[in-house]
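What follows draws every value from the coordinates through simple rules; no lab data is involved. What you see is a predicted model, and the numbers here were worked out from it, not measured in a lab. Note that we place each Cβ from the backbone using ideal geometry, even for glycine, and neighbour counts take in every protein chain shown.
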Amino acid sequence: MLSLKNQIFGRKGYSADMKLNSTELELFRKLIGEQWISVIRGVCPSLADEAERLGVERYHEVSDKLDHKTLWPKANRAINCSIILTYNYI
């Protein structure tokens, strides 16, 4: 079996060797949703309430009203390291 690093950064490009349990998955979904709405609130406050009501699962229903290039640079797409440290994931 390839090492995790070799799987992710090698030809395969991913690994299914590590998995989140249901509690971890629920937490990550919550954190992602909170970060998602926080970014929208900061960039386009007039759409934040509607986006929050719809949820990230229905983002496509408001996406045409947002400037994706401004809204989602890599820094806004990645979970903040301080959040990861708070929940002891690293």
Which residues make up the longest stretch of the chain clear of chymotrypsin sites (Phe, Trp or Tyr not before Pro) that lie in a DSSP loop with no more than 13 other Cβ atoms within 10 Å, not counting the sites?
15-86
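Nearest 500 deg cm²/dmol is fine: what mean residue ellipticity at 222 nm does the chain get from its DSSP H runs of n ≥ 4 alone, each adding -39,500 (n - 2.57), divided by its residue count?
-16000 deg cm²/dmol
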What FRET efficiency comes out for the pair Ser63/Arg29, r = Cβ-Cβ distance, R0 = 22 Å, nearest 0.05?
0.70
Under 18 Å Cα-Cα from Lys19, which lysines qualify once same-chain neighbours fewer than 8 residues away are excluded?
Lys5, Lys30
Can you give me the angle between helix 22-43 and the longest principal axis of the chain, using Cα atoms only, in degrees from 0 to 90, rounded to the nearest 10?
40
Rounded to the nearest 10, the angle in degrees between the Cα long axis of helix 45-54 and the longest principal axis of the Cα atoms of the chain comes to 60
Please give the FRET efficiency for Asn80 paired with Ser3, using the beta carbon to beta carbon distance and R0 = 25 Å, rounded to the nearest 0.05.
0.35
